[in-house]
Every structure is written in C-alpha cells, then in structure tokens.
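Have a look at the structure below before the remarks.
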Amino acid sequence: MAEPRREKLKQSPKRVFVNNIDSYASKCIAKFLSECVVGTPVDPEGEMATAEEEDVVALNRSGVGALHVVGTASEKNDEDRPYVLEEYSHLNRDELLSKLMDCDVVIYNITQHADQVEEALWAVSALHKEMGHFCEPKMFILISTVMTWACSKPFDPEDPDLPFTDEMFWRRRAHPNFKKHIDLEKRVVKLGKTNRTLFSTYVVASGLQYGMGEQVLHFFFKTSWLGQEHEIPVFGDGKNIIPMIHVNDLASVIQNVIEHQPKPYYLLAVDFSNNTMEDIVKTVASALGPGKIQKKPFEEAFLIQDLSVMEIDSMQVNLRMEGVHLEELFSINWLCKSGLVENIELVVEEYRQNRGLWPIRLCVLGPPAVGKSTVSKQICEHYKLHHITLKETISETISQLEDAVKNADPDADSEDSAAEAQELLNSLKDSMEQNIGLLDDQLLVKVVKDKLMSNPCRNQGFVLDGFPKTYEQAKELFYAEEHQSEDGTSLISLNSKMIMPEFVLCLDASDVFLKDRVMNLPERLVREHNYEPEHFLQRLAIYRENNLEDDAVVSYFDELDITPLYLEVTSSNEPDCLLLMQKIFDTVGQPRNYGPSSQEVEEEEMRKAEERMRREAQENAEEERREAEEARQRAARWEEWTKRLEEVRQQEEELLEAQSGPMRSYLMEHVMPTLTQGLIQCSTAQPQDPVDFLAEYLLKNSPLNY
C-alpha cells in the first residue's frame, strides 16, 4: 500500500497567483506560501497519526508538494524574488485572465492599494464566467481589511466590549472610505455560492498587519529608530483598540484556507491582542527610541508624508474582534498570537533584519594626539553613528543623574533609586573635579556600558573613542557572561553581544611625530586637549606602558577573534588622511541605515543647486575679471606697440633725412636748374613728343658741354 499511496501524493504542486507581489503584505504571503508544504495534515493535538501523513511531510520537504507562486508586480525591477516562479507586469485583461486560468488558487490582496479593488472585482467576475472551461476546481481568496467593520454597531448595546466575531459578518458596516471594499467582499461571497465544488471563494478580513519590516506602523518604528524626536507622536487620544495580525500569521491563515477549504467563507484574521494605539506606539518607542510619547491631534497625521490616507484611516479604527473560526477550524502555528506588544522583541528583530538596520560598532584606540577623535568624527559622519567620548559621556551621565534626583517621586522605591543616583552623582562630580583618570574603573565602565546599551547606540551603532585604555577595562566592559540554558548549552549574555565592537582600529605613530604634531598645534587646542608638554609626555608614557605586548588592550580583542586593523599615521597631509579614511571605509563596508529621506534629498538637491549657482557665479565673475584683465593688457600692449611704431617711424624719417641730404644738394646744384629750364621750354613750345623734346634740350644744354 505504501507505493500507491506515495504515487498518489506525488501530484503536481498547486499553482497560486498573488497580486502585487512587490508590495509589503503580498510579498510576505507569497514567500511564506512558496516555502510551506501542501497537504500536510495538522492534528489539533499536535501529533502525526498515520504513515500516510509522514509520507506527505517527507515528500513536501523534498519540494514535491510545495506551492508554486506566480503573480503580478507593479513594475519590473532587479529585485531578486526566488520564491516566485513567474512574475508578470503590464498585462492587459485578456493576458491576465489567461494567467489566472492556469492557476489553482487566485489570491487578491486589497489591504494596501485601493486601486486593486477594481481589478479584484474584474478577476473574480471573469473567472466565474469561465467556470465552464475549468479543467480543475479553482479557489479565489480575497484578503480584505477589518476597515469594512469600522463603523459596525456593538452587537450588544449593554456590553459594548463584547468582541465582534466571524459569524457577525452580516452586521458589519464599513468605514466611508472602504465602501468599495465591502461591496467587493459581498460580490466575492455571492459568486462563490454558484458552484462551490468547482469555484469556491473566501474572504479573509485581515487586521492591521505588522512584522517583517513593517508597513502601516513603519513611521513609528522609523521615527523611534532614528532617535531624532524626544517624543513619538500618538495621533488622537490613543485609546482606540486596533485589531492586528502578524503578516506571517496572516499567510498561515491563507495556507490553511488553501489546504482545508473550510465551510465558512468569511474569516476574521486577527490575533488575540486588544492593544490600543497608545500601547502600540509606547511599546515601539520604548524598544527602539526614547520611550516617551506625545499625543497630537489626529489631523496632524495627514501632514506626515510617509503615511497614506488608507493607513491613517486604519490607525483610527476602534474594534474589539475575535477570530473564532481560526481557533475552531485550524490549528495555526502562531508566531505572534498574543500580539505585537507581547512580542515586541521578535518584531523589532524582524524590523532590523528586513530593513538591513544593523548597528556598526567600532572602537578606535591609539596614543594621545594620533588623531583618534578626528578619525572617529569622520567615521560617525559617514556612517551616521554616535561618537562616544569619555568626557562627554560622564558629563551627560551627571546631567541625567541630576534630573533623576531632582524629579524623584517621594515613594519608598523612588527614594532608594534617588539615593543611588545621588551617590553615583557625588562620585562622578568628585572625580571630574580632580581628574577623569582617577575615576574608579568599575564606575567608569558602568557609565560607558550604560551609554553603549542606550537605544541610539543599539540602533545605529557607535564609535568608542579612546576607551578602554587597559586590558582590565576592556575585560570589564565587554565581559561576556555565560550561563546554562535549559538544554545544558552555554549561552553568552545578549548585552555583551550588543556592545561588542565589530571593528577595532589601532592608530599609531612614532613618539617623534606625535611630539612634533603637539608642538605645532594652536594654543587653543593644546589647552582644550590638555596637551601641555609635561602632561602630554606623561600620558604618552602611560599609553606605551599599558600597551605592552602581553597585556595590551588589543590582546583582549585578539582573544575574542576580533582582529584589529593597524593603521600607521605618518603624515598630516590631506591626501594621506583621505587615503587612511578610505582604507577604514573599505574595511567597515557599506552603511547599514536608512538612506536620506525625501526631505533630506530635496534639501541636498537645493544645497547642490545653490552651490552650483554660487560656483557658476564665481566662475562667471572670474571669467569677466579675466576678460577685463586681458582687454586691459591688450590695450596696454596696443598703446605700447603704437608708441613704438611712432618712434620707429621718426627714426626712419630722421635716417632718411640724413641719408638724402647730399643727394638733394647734388640735384639742386647740377640737375634741377637745367631740368627746370627744359620743362619751362617744353611747356612753352608744347611739342608733339615732349619727352623727346626734353631729352634733346638736356643734351644740348648739359653743363658738361660748357
């Protein structure tokens, strides 16, 4: 019996169509379905009962029973989606219908884009018309939204907290902006009643989706993560209860509908939380940001560019809901059954992973005056990290302790906390008045560790500048506590992982170079960094002593398989500094944070445009100045040239005058008298040939004839 059973199981995988697979929810659903198995019987008790069931699991693990996902994308792009077998874009209705006819299951998600409502209505209607041409039964699943329940009246006016359930779907009333959604739901249900064995339809009304990088709640996650706001906004009073579901749990519901084809055709897909909007935002703010919230008028939400109208409407919903059918019909392996607030750590981890928001942690070490702070600042600017210096961290801690002591509540617990804060404050102030170097190592490490464990450092990362200074301080600061798990394996403290540097940069330079650099510093910087000769030489000697081969700070990181990057500083010239920074950037890699926002892009473009206009104005002014100078030089050269020509002409005239004097004298004495008389005679006689007449006259009257 085993072989026939296995042959029966080796059937063609189901072909599943999902619309808009490049959108948040559809992408997560498509990926989930492509990785799940088909036909795996799920026992409510959690046990596999038969050998046939085991065969199903074995076959599906080998990929035989996996769902083959195809779908449409709004635009063709280079994003790699290996979980999608075929991807379509810009299909006309006839082409799209042909693709739908090839599928066993058609899923339309209308929770994100309102423009998909019309297409979904066309798709279910077109498939219904083609039922007579179906080769095999088909299933149509509409993923709708609980916003079609937003204006529903309480089932029991005397008990307004009674949750809405799947069976009450006929009483639902939609939000005014979701009238088309509820009309589509009704149409899908109606068309599925014609012949359910051939064409079955389901409506899955989804709560607000979260997880896997976020969509509706992304604004609150991003604002908290960036840490630029002291308080995270809650629009409205925040008391409204939001029906929600993790997007992977929604995908699991869809999978169960495909596999089990339940009799109820309308399902509520919500988790078992009843979190208010205030609870949600405060939890996110505490996990990623300052932990404080500020209530603002709901109208201000429309000023946020990152929020669509559909998302704003969804955040205003106030419904207490319960998905009864999910519990009665399926045995879902819930990821976040108790909701976002109870599973915030998991959701935050997904958010970081899907958005690529991993912190970059660096430690920059080196002798005094080697340029640690300069390098650290440039790294922070390039990667948008937090620059952690000992002096500023202690000053910030003192300020926080002063506020804690000042604002302490009078109850007993607060008095104890205030007393501890006051004791720590006194210790820090006393040490600051004397010298930071005299601060107790344990106290110093506590202050730095608290800073590194803060949400900003955990979100973006940090550059720890010039600390730890000794092997013992490094061991105390980054000590990884180990403890035994329930199964006996050794686990490392999560806190230690959160602050352990990924990269350790060791800058170094010769003592001669460092002394020469300090000697050439401006007096202001010498006083600011406490580089007076005697103190500087003392600090340099202490650094060299603390970094002997056996007990150097870098030895601690070597023991943890964190290989330091050694960088020799030999010059303060800009090209050498740029080369040094480029080597660091190549080692650390690409930034792991948000790119510039649309506003920042606009501001940067405006700045570049202004810079370009300023540069063009400077170039034009320079060009005009250069042309004017060239014109002036040409005029000066022309004037000089004209003057020179005049001088040459005068010199030539004088030379000619000097050279022609004897000739004129000779002509005036021997030639001109006779020639003049001849001309006069010629004019008087007016002969036919005056030249011949003049020639004869000159021959007859030549002075030599006398």
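Some points to look at:
- For H133, the conditions (1) touching a strand residue (DSSP E or B) at 6+ places or on another chain (Cβ under 9 Å); (2) open to solvent by 20 Å² or more (accessible area, probe 1.4 Å) all hold with the exception of (1).
- Residues that are within 19 Å of S206 (Cα to Cα) and either open to solvent by less than 50 Å² (accessible area, probe 1.4 Å) or among the β-branched types (V, I, T) (or both), drawn from the stretch 272-294: S273, N275, T276, M277, I280
- Members of the stretch 376-392 that are assigned to a helix (DSSP H, G or I), under 30 Å from L428 (Cα atoms) and open to solvent by 10 Å² or more (accessible area, probe 1.4 Å): K377, Q378, C380, E381, L390, K391, E392
- In the stretch 167-199, the residues that are in contact with a helix residue (DSSP H, G or I) (Cβ under 7 Å, 6 or more places away or on another chain), closer than 24 Å to H113 by Cα and in contact (Cβ under 8 Å) with a residue 40 or more places away in the chain: H175, N177, F178, K180, H181, L184, E185, R187, V188, L191
- Within the stretch 103-127, the set of residues being open to solvent by 50 Å² or more (accessible area, probe 1.4 Å) and either of a type in the set (V, I, T) or over 23 Å from A150 (Cα atoms) (or both) comprises just one member, W122.
- For P687, the conditions (1) part of a helix (DSSP H, G or I); (2) surrounded by 10 or more Cβ atoms within 10 Å (Cβ to Cβ); (3) modelled with pLDDT of 85 or more; (4) more than 60 Å from the chain's Cα centre (by Cα) all hold with the exception of (1).
- None of L579, L645 is modelled with pLDDT of 90 or more, over 30 Å from Y351 (Cβ atoms) and either over 22 Å from the mean Cα position of the chain (by Cα) or open to solvent by 100 Å² or more (accessible area, probe 1.4 Å) (or both) except L579.
- Hits in the stretch 396-422 - residues which are part of a helix (DSSP H, G or I), charged (D, E, K, R) and either loosely packed, with under 11 Cβ neighbours inside 10 Å or at pLDDT 75 or above (or both): E396, E402, D403, K406, D413
- Residue count, the stretch 125-179 (criterion: within 24 Å of N240 (Cβ to Cβ) and of a type in the set (G, A, S)): 4
- Looking only at residues of the stretch 295-330 that are open to solvent by 50 Å² or more (accessible area, probe 1.4 Å) and in contact with a Pro (Cβ under 6 Å, 6 or more places away or on another chain), we find that the one that is farthest from P262 (Cα to Cα) is K296.
- The residues listed here are R592, R632; of these, the one that is surrounded by 10 or more Cβ atoms within 10 Å (Cβ to Cβ) and under 30 Å from L307 (Cα atoms) is R592.
- When restricted to residues that are open to solvent by less than 30 Å² (accessible area, probe 1.4 Å) and among the charged types (D, E, K, R), the stretch 136-149 contains 1.
- All positions within the stretch 190-213 that are part of a loop (DSSP other than H, G, I, E, B), touching a strand residue (DSSP E or B) at 6+ places or on another chain (Cβ under 9 Å) and either open to solvent by less than 10 Å² (accessible area, probe 1.4 Å) or under 17 Å from V106 (Cα atoms) (or both): K193, L198, G207, G211
- Near pairs, Cβ below 8 angstrom, 6+ apart or cross-chain, from the stretch 291-316 (more than 27 Å from N459 (Cα to Cα) and among the small types (G, A, S)) to any residue that is buried (at least 17 other Cβ atoms within 10 Å of the Cβ) and at pLDDT below 95: S314/V216
- Verdict on A269 being within 19 Å of Q112 (Cα to Cα), at pLDDT below 95, of a type outside the set (K, R) and surrounded by 15 or more Cβ atoms within 10 Å (Cβ to Cβ): no
- Every residue from the stretch 543-562 that is touching a residue at least 60 places away in the same chain (Cβ under 8 Å) and surrounded by 12 or more Cβ atoms within 10 Å (Cβ to Cβ): Y543, N546, D551, A552, V553, V554, S555, Y556, F557, L560, I562
- Taking the criterion of being among the small types (G, A, S), surrounded by fewer than 22 Cβ atoms within 10 Å (Cβ to Cβ) and not in a loop (DSSP other than H, G, I, E, B), no residue of the stretch 214-251 qualifies.
- If you check L100, L59, L85 for being open to solvent by less than 50 Å² (accessible area, probe 1.4 Å), at pLDDT 50 or above and more than 25 Å from Y210 (Cβ to Cβ), only one passes: L100.
- Residues that are of a type in the set (S, T, N, Q) and in contact with a helix residue (DSSP H, G or I) (Cβ under 7 Å, 6 or more places away or on another chain), drawn from the stretch 275-293: N275, T283
- M147 vs. criteria part of a helix (DSSP H, G or I), under 26 Å from N256 (Cβ atoms) and in contact (Cβ under 8 Å) with a residue 40 or more places away in the chain: yes
- Any hit, the stretch 519-535, residues being modelled with pLDDT of 90 or more and over 28 Å from the mean Cα position of the chain (by Cα): no
The values are calculated or read from the model by the stated rules, or taken from the named source; none is laboratory data. These numbers come from a predicted model, not from an experiment. Note: ideal-geometry Cβ built from the backbone for every residue, glycine included; neighbour counts use all protein chains shown. With ligands, DNA and RNA removed, areas are computed over all heavy atoms of the protein, side chains included. Shrake-Rupley method; radii C 1.70, N 1.55, O 1.52, S 1.80 Å.
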